[in-house]
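Undergrad: I have a structure I would like to understand better, so I am pasting it below and will then ask my questions one at a time.
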Amino acid sequence: MENLFWFLTSFVALLFIIGLYALLATRNLLRILIGMEILTKGVTLLLIAAGFLAGRQNAMQPIVITMIVVEVVIIAVAAGIVIASYRNNKTISVRALRNLKG
Amino acid sequence: MSTENLMLLAIFLPIVLAVVPLALVKKNALAAGAVAIAASFANLVVVCLAYGKDAALTLPWAGWFFEFTLRNYQFSSFILAAAALFGALLSVYNTVFLKDKAYGWLFHAYFLLTLGFVNGAILADNLLLLLFFWEGLLGLMFGMIYLGHRDAYRTATKAVIIAGVTDLCMMFGIGLAVHLAETATMSQMKVPMEGLGGLAFVLLVIGAISKAGSMPFHTWIPDAATDAPMPFLPFVPAALEKLLGIYLLARVTLDFFKLDGGHWGSMLLMVVGALTINLAVAMALIQKDYKRLLSYHAISQVGYMILGIGTCTPVGVVGGLFHMLNHTIYKCCLFLTSGSVERQAGTTDLRKIGGLGRKMPVTFVLFIIAAAAIAGFPGTNGFFSKELVYDGALERHWIFYAAAVLGSFLTAASFLKLGHAAYLDKGRGDASKVKEAPAAMLVPGIVLAALCLAFGAGNAFPLHNFIQPVLGDALHGHDYSGFHFKLVLVGGSVAALLLAFANHYFGAKSKGSGLAAVDHIHYAPGLHQIYDAAEKRFFDPYDWARNVGKAVAYVGFGIDRAIDFFFNKVVVFVAGGISGTIRALHNGSHATYLAWTLAGLVIVIVACMAGRL
Amino acid sequence: MITLYIALPLAVVLLLNLSPRRTANALSLWCGLVLTVFAGAYTLAMPHVPGLADAFDPANRVLQWKIEAGNLAGVMFLSIALVVFSAFWVGRYLIADSNRRFIFNNLLLLCMTGMNGIVLSNDLFTLYVFLEVVAASSFILIALERTNAGLEGAFKYVLLSAVATVLVLSSMALIFVLVGSLDYGTVKAVLTSGQLDAATSRFVTFAIGLFVVGLFIKGGMVPFHGWLPDAYSSAPTASSVLLGGIVTKAAGVFTLIQLAQNVFGWDKPSPVLLAVGTLSIAVGAFAALGQRNFKRMLAYSSISQIGYIIIGLGAANEVAVVGAILHLFNHSTFKTLLFVNSAAVEKQAGTVDMDKLGGLANKMPVTGFTSVLAMLSTAGVPPLSGFWSKLLIVLGVWLSGAHAVAVTAILLSVVTLAYFLSMQRRVFFGRLAPGLEGVKEAGGWLLVPEIVLAVITLGLGLTMPWFFNTFLVPLRSLWSL
Amino acid sequence: MLSLGTILLILLVLMVLSALWAVMATDLLRSTIALALTSVFLAIAIYMMGAPLAAVFELSVCAGLITVVFISAISMIKPEGNTRKEDLARKRRKRLKKYIPLPILLAVAGVLLWLNRVDLPFTPDADVFPLTLSEIMWDVRRVDIAGQAVMILVGVFGIVVLFKEFVRRGKGGEE
């Protein structure tokens, strides 16, 4: 059980690292969104693993489903922001979104 | 009406009536003034009815040391009565002075609010309640200074910042004292004077003496003298703040901590007192503005009170409290004369006025009486209280006595200069159209000047009725009224006065002949002239004395500016630097913010795992 | 009937969108106002009328919602209703386009639903869902005008909020492994059972740490605050009112208080909270000192004020926590008031750059006066309400033994006073700035929230003892000490 | 027959690799595809861990809907500062066509998975939770469902606000 837990969480950790890398290092707004998606994937895996390990997948499934729906809305809104920014600035570089300082 | 209700009335009557000027549809200063007069006289009646009665009142309040506890007894009712008296006199004066001012109605509202808050602070028997009223006064002070003119906010801000910092000290002091005494009720407060108790003492004293306007928390007062509306000066710095500050100081030293003469706390107070006397008066000596000069004296005289209370001898304490009362009377009167001059002559700049004595004879007489009182001319009230303070100081160490006498000398010199310049000199400016001030502005001054003389000649009355009952048994049956001082003391004071006269006479003569109208000592020059004076006639006794005075003035000026520099520049620079750094760190990049977040996450998690959550 | 807090706004939104567009545009404002007033009145009536505080349960399991409310919830409901009420007025005043205003009003109602849901939720995952509702509607509210700045602020918020979500959900997963449920009561029973072995309690601490950091991000605490100044200052001012007034408090701070007491069962001072709170107070205050933009200064000031709430919570004794809750309410009133003032200034003077403003007090007396009131309350000047809450917080922190924190908090409130004085001087007092001669007082629409909020700030301060005994003392029972 | 552990290992490794690809790929479209692939692998893993309903959601919503969102976003964005702009656009359009079958394939795979539910070689601890899935979903988690509804409403408003082109109108209300 313990081993399985660490086995699964190590993959979750890998996904988190990849996602955070995307958030931190890329300049492309859409790729930042992809990073956010990957983070969400990690969370999904972690939740399912938790349900699996606790033996309560029945209780966990509705949670994951709701979470997926909620995250889709978030991503859609975020994509809307990126598109609107692109319409304003004609670029999807994150440089367009670093003017507020101080 | 029971005394309990009278106490409540004293607090809430002015505060409630203050709403009237605020609610006036047409902002008429005269109508607001009428309300102010009515309210202040009603207040006077109320506090007179409550005078000297013992009463306590506790209303259910928040709990945890927060209790709405009021206490009326000899000391508080005396301070209350004094404050109410000045409030009543000033309300009359203000009404005339502010008649045509656009902000008049607002000032009257502030005036009444201040009166109510002061009554609250005096009657409070709970330290936290006291703090409540105390802080409320801070806001009112800001409001009143702010009314002066369009750039007065600078001064108002400075005043609030200085007072705010010292009030913070006082808050800590109160916190410590409440912690140590395990009660916030002032009448039950007993704090030991060692360890943290000492710190609490110092912090509370800082709060009290800064309210009274002592050095080094004084720098806003002279600025307020130039910027604030004139009626603010006799009301707040000269009267109420002295009463309140010295009241708290006396409560702290005599009640809470039971300070005795051998303690370092007493020495501290005396040193502060002596320094305040001399440094402030030295600054006063070189001022060229009527109000500003007076305001430095308002600082200087606090020194006598602190010195007197700091001696911890019955005679010194009686002297200090008596001096507080007297100072309020004559300084109020002096500020009123300055107000009359400002209103009639249009300015208080001594370089632009002169020869007003003939045009404004009543004002001049009032000035002479009050100035004699502040200088300690025998027979006036100031003389008696100063003698008592000298007596106490001499009992402790001759050096404090010497400092006090030196201050007395400089006080006399500066008032000779002021009187000469404003009322006797001829020719500067156009004085031909100046008339005597209206009667309503003179009456309060006349009352006060009469009090100066009355409390001098009949000093038994205030001492027996107001001051000595405060100390009660601590006096061991002594009576300090009448005229029974040691000859040495009186001789010293008289000598100081004579010296001041001589100094003034020779100064006026030697300089006055050369220049058109002015005797030069009144216009104590800027810094370069100090060096000029040092070059020539160094051994001339007169110049020598003058140079000593100037040197003291110079040092005082330096200290004054240094404190000013600290508040104006260092604080601003440090805060600005921190602020700039923080702002530079917010570079707008999402990656930076994300990196902070992750770093914070790691730190918090590490801290949690280390059991620090 | 406590279900109404969620059901009613949702129903209103649905009905508005089903009715013809023209009617709906006109109706949305009034529906919203009536709803918020109703919510406020309902909350005030709740302690006195039996039955109001019950969940909706007509003996039928299917309609039994799993939610509950307490006294703390009452304070939050009141703040939420108050701020949303003000935001409606500001929106009516500032947003010219009627379609956009319709969307704004709908989003306000949805956001209100989300915040009420946060207050009511009794389950960690439900909490998460409503947190996301609030976050998503905030993103849209920030980006409503689609200006560059607004999009930038929204984007940063989206980004950091995503990280917060990940942390919160991961923490939930870890708790679920251990407990097998996310219900507050069940989780608390396991976490505070005292039967966890060393390894398991380290595991639990780790999970709680993740959760707390997630909430720190939502609440905008330093150093997790990067999004907050940008989002607040760049949002349309009508949205800033909502964001600055309540969103971070409901999403971050209230949640933290709720969880600390209902789930984590903290009962001793927490150095982490104290440190983060103190850092927030300091950084927020000093950053606010150097701002030129009125709204940005208010945003930093929010960070600083929330720091006070957090140290109150960190002290974990009843004095401090009651102070923190009171400060939560106070902050939502006076910060909303300040944002409403900034809306008035923005509309009337056309800018919120403080270097271009000045001397507006004579032109806009009500706005000037109420802003002075709000500022003094924020800085903690008696007898305004802000003084009492700060006093309780500092007192509680001192009693908890964190003397240095208490002293720092007091010292930094001087900085608060300093930056607000500088703000007052640059915006309302001083010399009238060139070009502002024709400025008039804001229209009647805006004076309503200004006066209501100012009266609350002043009235609460003056009637503190009564308020304290009626509302706050009962709160103590929440904190089992 | 592979054990559950081995299958999971393979799936998760593939998932991480495709996630890495999604982040590293220079072409945005490829990134999106890789992301969808990640979702597919994750969905299968979820399925293997005894959560078939969640797997279907992951597949249809994440792999399907989000990919659609991303691809429509990419299609709105013209290639930046390029001389051969139209050329490239045409190429993109061609490529887009190439990827159209992908969501369909994913959907088919999902349906197949749903229909041929294979019995797990390794059963986790018996589900000790006393309620059935639908009971939990509609009773215990009822508030969450309401929250989802609110969320979707928010999303609708978000799309109306953010995606809609600026409209020029005669009355001059909007720019």
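Undergrad: Would you please give the FRET efficiency between residue A:17 and residue D:135, computed as 1/(1 + (r/R0)^6) with r the Cβ-Cβ distance and R0 = 45 Å, to the nearest 0.05? Walk me through the intermediate numbers first.
TA: On the way: r = 38 Å, r/R0 = 0.84.
It comes out at approximately 0.75.
Undergrad: Work out, in µm²/s and without decimals, the Stokes-Einstein translational diffusion coefficient of segment C:171-219 at 20 °C, 1.002 mPa s, Rh from Kirkwood over C-alpha pairs. Mind showing how you got there, number by number?
TA: Working: Rh = 11.1 Å.
Result for D is 193 µm²/s.
Undergrad: Using the 2.2 N^0.38 Å rule of thumb for compact globular proteins, work out how segment B:337-387 stacks up: its C-alpha Rg over that value, please. Let's see the in-between values first.
TA: Details: Rg = 12.9 Å, N = 51, 2.2 N^0.38 = 9.8 Å.
Cα-based Rg divided by the globular estimate yields 1.32.
Undergrad: Sticking with this one: Hey, fewest Cβ within 10 Å first, where do B:385, A:10 land in order? Please report the intermediate quantities before stating the final value.
TA: Details: B:385 33, A:10 11.
Ranking B:385, A:10 by Cβ neighbours within 10 Å, fewest first, gives A:10, B:385.
Undergrad: Between residue B:399 and residue B:570, what is the label-point separation in nm under the 7 Å Cα-to-beta-carbon projection?
TA: 2.5 nm
Undergrad: If we restrict to alpha carbons, what Rg and Dmax does segment C:248-291 come to, in Å?
TA: Here Rg and the maximum Cα pair distance are 13.1, 40 Å.
Undergrad: Taking a ≥ b ≥ c as the square roots of the Cα gyration tensor eigenvalues, with a/c under 1.5 meaning rounded and otherwise prolate when a/b beats b/c, else oblate, which class fits segment A:39-78? Mind dumping the intermediate values first?
TA: Working: a/c = 5.99, a/b = 2.06, b/c = 2.91.
Taking the square roots of the gyration eigenvalues as a ≥ b ≥ c, segment A:39-78 is oblate.
Undergrad: Then there's this: State the answer as a single residue: which of B:318, C:176, B:90 lies farthest towards the positive end of the charge dipole of the protein assembly as shown, with beta carbon charges of +1 for Lys and Arg and -1 for Asp and Glu, about the Cα centre.
TA: Most positive-ward Cα: B:90.
Undergrad: Starting from one equal scatterer on each C-alpha and no solvent at all, send me the Debye-based log10 I(q)/I(0) for segment B:191-261 at q = 0.15, 0.23, 0.28, 0.29 Å⁻¹, two decimals.
TA: For segment B:191-261 at q = 0.15, 0.23, 0.28, 0.29 Å⁻¹, log10 I(q)/I(0) is -0.55, -0.94, -1.19, -1.24.
Undergrad: Turning to a different aspect of this structure: Summing +1 for each Lys or Arg and -1 for each Asp or Glu, what net charge is found among the other residues whose Cβ lies under 14 Å from the Cβ of residue B:59?
TA: Values: positive: B:71; negative: B:4, B:67, B:125.
Neighbourhood net charge equals -2.
Undergrad: If r is the Cβ-Cβ distance from residue B:347 to residue A:27 and R0 is 56 Å, what FRET efficiency results, to the nearest 0.05?
TA: Values: r = 67 Å, r/R0 = 1.20.
So the FRET efficiency works out to roughly 0.25.
Undergrad: Give me the number: length gained by fully extending residue B:271 to residue B:505, i.e. 0.36 nm times residue separation minus the C-alpha to C-alpha distance, one decimal in nm.
TA: Details: separation 234, 0.36 × 234 = 84.24 nm, distance 3.21 nm.
Between residue B:271 and residue B:505, full extension yields 81.0 nm more.
Undergrad: Over the alpha-carbon set of segment C:349-481, work out the extent along each principal axis and list the three values in angstrom, largest first.
TA: Projected onto the principal axes, the Cα atoms of segment C:349-481 cover 58, 33, 19 Å.
Undergrad: Now, a different point. Tell me, what is the percent relative contact order of chain C, built from C-alpha pairs under 8 Å that lie six or more residues apart? Present the calculation step by step, with values, prior to reporting the outcome.
TA: Details: 810 pairs, mean separation 70.5, N = 481.
Taking the mean separation of contacting Cα pairs over the length of chain C, I get 15 percent.
Undergrad: On to the next question. From zero outward in steps of 5 Å, how is the percent of C-alpha pairs of segment C:258-390 spread across the bins?
TA: 2, 11, 17, 21, 17, 12, 9, 6, 4, 2, 0
Undergrad: How much mean residue ellipticity at 222 nm does chain A get from its helices, if each DSSP H run of length 4 or more adds -39500 (n - 2.57) and you divide by all residues, to the nearest 500 deg cm²/dmol?
TA: On the way: 3 runs with 83 residues, N = 102.
Here the helix-only value at 222 nm equals -29000 deg cm²/dmol.
Undergrad: With all pairs of different alpha carbon atoms counted, what Kirkwood hydrodynamic radius in Å does segment B:275-385 show? Can you show the working numbers first?
TA: Working: mean 1/r = 0.0687 Å⁻¹.
For segment B:275-385, inverting the mean 1/r across all distinct Cα pairs yields 14.6 Å.
Undergrad: Which value in Å does the Kirkwood hydrodynamic radius of segment D:1-73 take, with 1/r averaged over all unlike C-alpha pairs and then inverted? Please report the intermediate quantities before stating the final value.
TA: Numbers: mean 1/r = 0.0802 Å⁻¹.
Every distinct Cα pair counted, the radius reaches 12.5 Å.
Undergrad: While we're on this one: Semi-axes of chain C's equivalent ellipsoid from the Cα gyration tensor, sqrt of 5 times each eigenvalue, largest first, rounded to whole Å?
TA: Values: eigenvalues 226, 144, 86 Å².
Each semi-axis is the square root of five times an eigenvalue, giving 34, 27, 21 Å.
Undergrad: What percent of all Cα-Cα pairs in segment A:2-98 falls into each 5 Å bin, going from 0 up to the bin containing the maximum distance?
TA: 3, 13, 18, 18, 17, 11, 9, 6, 4, 1, 0
Undergrad: Among residues other than residue C:438 whose Cβ falls under 15 Å from its Cβ, what is the net charge (Lys/Arg +1, Asp/Glu -1)? Provide the component values of the computation, followed by the final result.
TA: Details: positive: C:347, C:356, C:363, C:440; negative: C:437, C:441.
Combined, the nearby Lys, Arg, Asp and Glu give +2.
Undergrad: Taking one equal scatterer on every alpha-carbon of segment C:168-253, how large is log10 of I(q)/I(0) by Debye at q = 0.14, 0.16, 0.25, 0.26 1/Å?
TA: -0.60, -0.71, -1.14, -1.20
Undergrad: Give, rounded to the nearest 20 debye, the magnitude of the charge dipole that the protein assembly as shown has about its Cα centre when Lys and Arg contribute +1 at Cβ and Asp and Glu contribute -1 at Cβ.
TA: Working: 96 positive and 69 negative charges, 948 e Å.
Here the protein assembly as shown has a charge dipole of around 4560 debye.
Undergrad: From the cross-link list B:158/C:390; A:101/B:158; C:218/C:356; C:390/C:440, which pairs have alpha carbons spaced over 29 Å apart?
TA: Numbers: B:158/C:390 24 Å; A:101/B:158 31 Å; C:218/C:356 33 Å; C:390/C:440 35 Å.
Long pairs (Cα-Cα over 29 Å): A:101/B:158; C:218/C:356; C:390/C:440.
Undergrad: Which whole-number value in Å³ per residue fits the convex hull of the alpha carbons of segment C:389-438? Display every interim value, and only then the final one.
TA: Working: hull volume 3.4 nm³, N = 50.
Once divided by residue count, the hull of segment C:389-438 is 68 Å³.
Undergrad: Figure the gain on full extension for residue C:186 and residue C:356 (residue separation times 0.36 nm, minus the Cα-Cα span) and round it to one decimal in nm. If you can, show how the numbers build up before the last one.
TA: Details: separation 170, 0.36 × 170 = 61.20 nm, distance 5.66 nm.
Length gained, residue C:186 through residue C:356: 55.5 nm.
Undergrad: On full extension of the chain, what length is gained from residue C:49 through residue C:96, given 0.36 nm per residue of separation minus the C-alpha to C-alpha distance? Could the numbers behind the result be given before it?
TA: Values: separation 47, 0.36 × 47 = 16.92 nm, distance 4.11 nm.
Here the answer is 12.8 nm.
Undergrad: Please report, in whole Å³, the volume per residue of the convex hull around the C-alpha atoms of the protein assembly as shown. Walk me through the intermediate numbers first.
TA: Values: hull volume 270.1 nm³, N = 1371.
Normalising the Cα hull of the protein assembly as shown by residue number yields 197 Å³.
Every read-out reported here was derived from the displayed coordinates using simple, explicitly stated rules and does not represent laboratory data. Since this is a predicted model, take the numbers as computed values, not measurements. Positions of Cβ are generated from backbone atoms using ideal geometry, with glycine treated the same way; all protein chains shown enter the neighbour counts.
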